[in-house]
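**Student:** Okay, handing you the structure first.
Just so it is clear, none of the values below were taken in a lab; they were calculated from the coordinates. All figures in this text were calculated on a predicted structure; none of them were measured in a lab. Cβ placement follows ideal geometry from the backbone for every residue including glycine, while neighbour counts extend to all protein chains displayed.
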Amino acid sequence: MLPRTIRYDVLRKVEHMAYQSGSIYKHNGTWFLKYRTTELKDGTPVRVHKTERLCSVNGDEHHRYCEKRAEHRTKKSVEPVRDRIMQAVNAARSNGTPLQDIPIADFWEQRYLPYCEEIVQLTGKARKKPSTVRGYKQVSKQHLKAHFGKMTLQA
């Protein structure tokens with residue numbers, strides 16, 4: 001895989017963007033949040049539109065940041081959820097670093113498998129048994145790499 005390079009001239013443009021609060025709207029009984037963010041696509045920062053489902057109006061479904069497990073009949077009731085999401089988006093913007101994308105196969109090999117093999121200081125044992133890690137590696141090699149290919153995760 002080719003190493004990624006970040007175009008810093010594009011990142012400088014990102015630094016000048018204003019603080020954003022996002023836009024909340026209701027569609028088919030569900031509240032959504034719409035905002036723009038910068039992501040790396042093939043090593044180049046690109047501005048993209050994002051939409052996240054917040055909560056349903058009738059209270060059946062909730063976002064992971066939703067603390068109020070009840071009905072959300074007004075826009076004001078989902079604003080705390082919006083604020084938590086946008087706090088992370090604006091923090092990434094203020095750092096001048098777009099959200100990194102990492103191929104799933106690379107995440108698996110560079111982060112998850114080392115985590116599984118890591119020795120926990122408190123117990124002195126590995127997080128996963130060697131046979132489990134061996135099975136994970138086998139499944140990864142036989143199935144996951146081919147299936148996920150170049151699909152990426154947002155770090």
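**Student:** Note down the net charge around R111, summing +1 for each Lys or Arg and -1 for each Asp or Glu among other residues with Cβ under 12 Å from its Cβ. Don't skip to the end; give the middle numbers.
**Tutor:** On the way: positive: none; negative: D106, E109, E117, E118.
Neighbour charge sum, excluding R111 itself: -4.
**Student:** Shape verdict for segment 102-154, please, from the Cα gyration tensor: rounded (a/c under 1.5), prolate (a/b greater than b/c) or oblate. The partial results should precede the final answer.
**Tutor:** Working: a/c = 4.89, a/b = 1.76, b/c = 2.77.
The shape class here is oblate.
**Student:** Lysine pairs in segment 102-154 with Cα distance under 16 Å, only those 8 or more apart or on different chains: how many are there? Display every interim value, and only then the final one.
**Tutor:** Values: K128/K137; K129/K137; K137/K145; K141/K150.
Lysine pairs, 8 or more places apart or on different chains, close enough: 4.
**Student:** While we're looking at this one, here's another question. Just want the answer: with Cβ charges of +1 for Lys and Arg and -1 for Asp and Glu, which residue in Q138, M151, P114 is farthest toward the dipole's positive end in segment 102-154?
**Tutor:** The residue sitting most towards the positive pole is Q138.
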